[in-house]
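Worksheet for the structure shown next.
The values are calculated or read from the model by the stated rules, or taken from the named source; none is laboratory data. Note that the structure is predicted; figures quoted are calculated from it, not measured. Backbone-built Cβ (ideal geometry, glycine too); neighbour counts: all protein chains shown. What goes into the accessible areas is simple: the full protein's heavy atoms, side chains included, and nothing from ligands, DNA or RNA. Shrake-Rupley method; radii C 1.70, N 1.55, O 1.52, S 1.80 Å.
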Amino acid sequence: MEDSSIATGVGLTALVTAALRAVETNTGDPLIRDPFAAHFVRLANTENPLPVRLEDVAGAEDRTLLKFAADGMALRTRYLDDHLLGTGAAQVVILAAGLDTRAFRLGWPQACTVFEMDRKPVLEFKQDALDQAGARPRCDRRTVPADLREDWAAALVAAGFDATRPTAWLAEGLLPYLSPAEEESLFDLVHKLSAVGSSIAVWAMAQDARGADQRLSSMYSTFGVQMTSVTNTEPRRNIVDHLPSLGWTVTENTIAELAGRYQRPPSSSRRRISLFTARYSA
Ligand SMILES: C[S@@+](CC[C@H](N)C(=O)[O-])C[C@H]1O[C@@H](n2cnc3c(N)ncnc32)[C@H](O)[C@@H]1O
């Protein structure tokens, strides 16, 4: 976590997700449109530039692989867009927001506050890029630099978070970077800060899939992204089994269900993911 820029270590993973959203945005029939995704990638100006459209990779096999990854990212993004808006929550906390631009893209309810938490270098890079693009948030957007492996509650409260109001939490693409103990502490804090009516959505690579998709990992490595060096594969308890005992009702989904719902190719369903939403009712 000593990484001082977006283009190193775990920060680079935020650029990969932005690149996949750019690729999807640049297809003929995108499931999501992220007008800032390609801008982030270009501005980061990494040594081995990440693709922002399918044509940016040479070779049919790599293009098929990139399309597969972009399809998965499109489903993930669209599903979580719809989920967050569907909660109707006026207080949203995006944990490890990375280059997520939902604060700028989505039609939030009136007087909605969206907190974005991530490491300082990531949030600084993002703010510079958004300022350059003249982006204007469609909600009361507040950024909270924090290391989510530590106790981040005070930083969130200092930014105006109100634990007496229901919150929609999002943990998208964060858990693979945490150790089992760090993941447990994170959920303990989320639970402690959640008023009745709060919800959480979690999207993570399934434990048995982490580091397993060799073809994707090797494609990412050609762009200078070593996924296996930043992910934590230690065995851990399944949070889905633990949350009900704390008063959360959990709903699990599969990417195959989402592929059907959003009419995406069934190939997207090959990815093994852990995807669930949960609602706290005391
Ligand atoms: C794969 S990206 C996902 C970003 C965003 N949620 C998305 O889906 O586009 C992972 C993000 O987790 C952040 N991250 C990883 N470990 C973190 C930590 N300990 N504290 C804060 N942020 C962290 C990284 O900086 C990066 O932005």
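Hey, any hits in the stretch 105-121 for a residue that's polar (S, T, N, Q) and either outside any loop (DSSP other than H, G, I, E, B) or within 14 Å of the chain's Cα centre (by Cα) (or both)?
Filtering the stretch 105-121 for residues polar (S, T, N, Q) gives 110, 113.
Cutting the leftovers down to either outside any loop (DSSP other than H, G, I, E, B) or within 14 Å of the chain's Cα centre (by Cα) (or both) gives us 113.
Yes, there is a match, as at least one residue in the stretch 105-121 is polar (S, T, N, Q) and either outside any loop (DSSP other than H, G, I, E, B) or within 14 Å of the chain's Cα centre (by Cα) (or both).
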- request: Go through the stretch 98-142 and give me each residue that's free of Cβ contacts under 8 Å to residues at least 40 places away in the same chain and within 16 Å of the ligand (Cβ to nearest atom).
  value: R102, A103, L106, V114, E116, M117, K120, L123, E124, Q127, R141, R142
message: Quick check on my filter: what residues within the stretch 1-19 are in a helix (DSSP H, G or I) and more than 9 Å from the ligand (Cβ to nearest atom)?
response: A19
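Test D147 against the criterion of being modelled with pLDDT of 95 or more, out of contact with any Leu (no Cβ under 7 Å at 6 or more places or on another chain), closer than 25 Å to L275 by Cα and open to solvent by 20 Å² or more (accessible area, probe 1.4 Å), and give yes or no. Walk me through how you get there before you give the answer.
Numbers: modelled with pLDDT of 95 or more: yes; out of contact with any Leu (no Cβ under 7 Å at 6 or more places or on another chain): yes; closer than 25 Å to L275 by Cα: yes; open to solvent by 20 Å² or more (accessible area, probe 1.4 Å): yes.
Judged against the criteria, D147 is a match.
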query: Which of the following residues is farther than 22 Å from L99 by Cβ, open to solvent by less than 30 Å² (accessible area, probe 1.4 Å) and free of Cβ contacts under 8 Å to residues at least 40 places away in the same chain: L189, L193?
result: L189
- prompt: Looking at (1) modelled with pLDDT of 95 or more; (2) more than 12 Å from the ligand (Cβ to nearest atom); (3) within 26 Å of N232 (Cα to Cα); (4) not basic (K, R), can you tell me which one E24 breaks?
  reply: (3)
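For the condition surrounded by 20 or more Cβ atoms within 10 Å (Cβ to Cβ), part of a loop (DSSP other than H, G, I, E, B) and more than 10 Å from the ligand (Cβ to nearest atom), what is the one hit in P51, P35, P30? Step through it out loud before you land on a result.
On the way: P35 fails: surrounded by 20 or more Cβ atoms within 10 Å (Cβ to Cβ); P30 fails: surrounded by 20 or more Cβ atoms within 10 Å (Cβ to Cβ).
Within the list P51, P35, P30, the selection yields P51.
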message: For the stretch 169-183: of the residues being assigned to a helix (DSSP H, G or I) and surrounded by fewer than 21 Cβ atoms within 10 Å (Cβ to Cβ), which is nearest to the ligand (Cβ to nearest atom)?
response: Y177
